[in-house]
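The values are calculated or read from the model by the stated rules, or taken from the named source; none is laboratory data. Quantities reported herein were computed from a predicted structural model and do not represent experimental measurements. Don't worry about glycine lacking a Cβ; one is built from the backbone with ideal geometry, like all the others, and counts go over all protein chains shown. Only protein heavy atoms, including side chains, enter the accessible area calculation; ligands, DNA and RNA are left aside. Shrake-Rupley method; radii C 1.70, N 1.55, O 1.52, S 1.80 Å.
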Amino acid sequence: MSIAPQRYTVEQYYENEAESDVRHEYFDGEVFAMAGGTAEHSLIKTSISSALRDAAVREGCVAFDSDMNVVCPSGLRTYPDASVTCGDPELEDEKRLALLNPSLVVEVLSRTTEKYDRGAKLDNYQTIESLKEVLFVWSDRVRVDHRVKQRDGGWLEKTYERLADRVSLEHPTCELSLSRVYEQVTLPEARLEGGNRDTDT
């Protein structure tokens, strides 16, 4: 006989988050612990957050780190590694715990999270009307996938795999240098040559 998982209200979820040392995702009354990060994950996340904050200030946008919860219309509540809104931040209530209108979200991937982050989690993110860009950044090799929403509602994805590459963002407007993203990060091999790939989805 299986035991049904405990179910929580949104209010209970945030009350528990305030007291927990571990971040959790929330969906349909259930909570799921998020995986802890490696040193490489932390270094990459810090580099990206710093670059986005500097650009956001110049552009009149607002950049958040991984402490900001993001709400998807599908019901998923989660913590991207970084997020930016280029409008006035729409926060869920007076407690200001959750962002409703990100323009950009960033996920730093590991081997254990890659399939979920680029699959079901991406599907949930893409239900956010305000979302225009998604960055997936690998922590075990030099690779960044940049997804941009098109006027017809589809998404164009470009892959970068060289430290010399720069990702052109629009929210905020800036160029994200892969050499900066992977600065101080130890990887088995860093590809310095090669090209980029575009993919329509």
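Contact order normalised by length for the chain, with contacts defined as Cα pairs under 8 Å and 6 or more residues apart; what percent is it?
Details: 375 pairs, mean separation 33.8, N = 201.
Normalised by residue count, the contact order of the chain is 17 percent.
Every cysteine in the chain with no other Cys Cβ under 4.7 Å from its Cβ, please list them in numeric order.
Cys72, Cys174
Per 0.36 nm of contour for each residue apart, how much would the distance between Lys115 and Glu129 grow if the chain were fully extended, relative to their Cα-Cα spacing?
Length difference between fully extended and current span is 2.7 nm.
May I ask you to evaluate 6.51 cos²θ - 1.76 cosθ + 1.60, the Karplus curve with θ = phi - 60°, for each residue of the range 73-83 and list the ³J(HN,Hα) values in order in whole Hz, giving x for glycine and proline?
So the Karplus estimates, Gly and Pro as x, are x, 5, x, 6, 10, 8, 10, x, 5, 7, 8 Hz.
Would you work out what percent of the accessible area of the chain, with all protein chains in place, is carbon or sulfur (probe 1.4 Å)?
Result for the chain: 47 percent of the exposed heavy-atom area is carbon or sulfur.
If you wrap a convex hull around the C-alpha atoms of the range 1-119 and split its volume per residue, what is the figure in Å³?
Once divided by residue count, the hull of the range 1-119 is 131 Å³.
Angle, helix 10-19 long axis vs. longest principal axis of the chain, Cα atoms, 0 to 90°, nearest 10?
The answer is roughly 70 degrees.
So how do 99-108, 140-149 stack up, highest first, on mean other-Cβ count within 10 Å? Mind showing how you got there, number by number?
Numbers: 99-108: 23.4, 140-149: 18.9.
Answer by packing, highest mean first, reads 99-108, 140-149.
Out of residues 5 or more away from Trp155 or on other chains, whose amide H comes under 5 Å of its own, with H placed 1.01 Å from N in the peptide plane?
Amide H to amide H, under 5 Å and 5 or more residues apart or across chains, Trp155 pairs with Gln150, Thr201.
Tilt of helix 39-59 relative to the longest C-alpha principal axis of the chain, in degrees (0 to 90, nearest 10)?
Roughly 80 degrees between the two axes.
Tell me, in nm to one decimal, what length is gained between Phe27 and Arg7 on full extension, where the rule is 0.36 nm per residue of separation less the Cα-Cα distance?
Value of the extension gain: 6.2 nm.
Calculate the length of the line joining the C-alpha centroid of the range 50-119 to that of the range 15-49, in whole Å.
12
At 1.4 Å probe size, with every protein chain present, just tell me what the per residue accessible area of the chain comes to in Å².
Result: 55 Å² per residue.
Could you work out the pair-distance distribution P(r) of the range 66-187 from its alpha-carbon pairs, with 5 angstrom bin width and percents rounded to whole numbers?
It works out to 2, 11, 21, 24, 20, 14, 7, 2, 0, in whole percents.
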